[in-house]
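Read the structure below first, then the notes.
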Amino acid sequence: MTDVNHPPMTAHPETRDCLIEAALTCFAKYGYDATSIRLISSMAGKNSSLISYYFKSKEGLYREVFKYLLTRFRLGSFEERKPAPGEAATDPEEGRTRLRAHIRRLLSEVEAHFHSVDPLKDAAARLFLSEIHAPKEEVKDLLRELFEPPVRELRACIQAIRPGLSAAEIDFWGITIQGSCIGHALRSEINRLVWTSADRQLPLDKMADSLTDFAYHGLKHS
């Protein structure tokens, strides 16, 4: 029998999204530990009991925030591309061609994010980078799923360029190449401060060509 004085809550997608967006802003600005349920509910203008209703706990909310971030900003869409991530390349030149496509894809996705007019883009970038630096248990599986397809593709490219490398050597080079791309793509502001002679208007295709040449010749002659 339903208590007429306390009717059951009804789920509303707009309320849920409002809580998630407020939580994204708070987690990005204050960090996970300093963000309370009360702060999030105040930011959202909602009753704090709704967080328990929709997400069970702060940990559950954080996980949903990260899933929302990946979906809203279209991160992890690698499965839409061809060839299939990790599909074997037949020779070094094909490996080089696919490596360039891989690098350009990464650079273009980051560039698209920074040119977005989405009001949550800065908060999303801060939260995403904090998870790359120190992943929380709540989202480690989401990060693994996100990065697995591009990592498989990068391994396939490296193996085609240098077939004799061991698994450990392939992973070392994969980390090195990925780190170079991320340094160029995600650290543009700090790069402007310390690398003062760098070309601010370097076209994306030229950057992809240069990074590919750097990685390719390093792999071939190391």
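Condition check ((1) surrounded by 14 or more Cβ atoms within 10 Å (Cβ to Cβ); (2) hydrophobic (A, V, I, L, M, F, W, C)) across all residues:
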site: 89; (1), (2): yes, yes
site: 118; (1), (2): no, no
site: 123; (1), (2): yes, yes
site: 130; (1), (2): yes, no
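Scan the stretch 163-208 for residues that are part of a helix (DSSP H, G or I) and either within 16 Å of residue 92 (Cα to Cα) or not assigned by TED's automatic domain parsing to the domain that holds residue 89 (or both) and jot them down.
Within the stretch 163-208, 170, 173, 174 meet the criteria.
Do we have any residue at all in the stretch 185-199 that's of a type in the set (Gly, Ala, Ser) and under 24 Å from the mean Cα position of the chain (by Cα)?
Yes.
With the structure loaded, tell me whether residue 126 is closer than 22 Å to residue 212 by Cα and of a type outside the set (Gly, Ala, Ser) or whether it fails that test.
So residue 126 fails the test.
From 170, 182, 177, grab the single residue that is of a type in the set (Val, Ile, Thr), closer than 25 Å to residue 112 by Cα and either without any contact (Cβ under 8 Å) to a residue 24 or more places away in the chain or surrounded by fewer than 16 Cβ atoms within 10 Å (Cβ to Cβ) (or both).
182
Please verify whether residue 144 is buried (at least 17 other Cβ atoms within 10 Å of the Cβ) and either farther than 23 Å from residue 111 by Cα or free of Cβ contacts under 8 Å to residues at least 24 places away in the same chain (or both), treating the condition exactly as stated.
Here the answer is no, as residue 144 does not meet what is asked.
Say whether the condition of being at pLDDT 95 or above, more than 18 Å from the chain's Cα centre (by Cα), surrounded by 17 or more Cβ atoms within 10 Å (Cβ to Cβ) and part of a helix (DSSP H, G or I) is met by at least one residue in the stretch 59-77.
yes
Residue 139 is checked against (1) within 16 Å of the chain's Cα centre (by Cα); (2) modelled with pLDDT under 95; (3) surrounded by 18 or more Cβ atoms within 10 Å (Cβ to Cβ) and fails just one. What number does that condition carry?
(2)
Among the numbered criteria (1) under 11 Å from the mean Cα position of the chain (by Cα); (2) without any contact (Cβ under 8 Å) to a residue 24 or more places away in the chain, which single criterion is violated by residue 113?
Condition (2) is where residue 113 drops out.
Quick one: what pairs do we get from the stretch 19-37, first residue in contact (Cβ under 8 Å) with a residue 40 or more places away in the chain, second surrounded by fewer than 22 Cβ atoms within 10 Å (Cβ to Cβ) and outside any helix (DSSP H, G or I), C-beta under 8 Å, 6+ apart or different chains?
19/46; 21/120; 23/35; 24/120; 25/120; 27/35; 32/136
The values are calculated or read from the model by the stated rules, or taken from the named source; none is laboratory data. Note that the structure is a prediction, hence the values are computed from the model and not measured. As a convention, Cβ positions derive from the backbone with ideal geometry for all residues, glycine included, and neighbour counts pool all protein chains shown.
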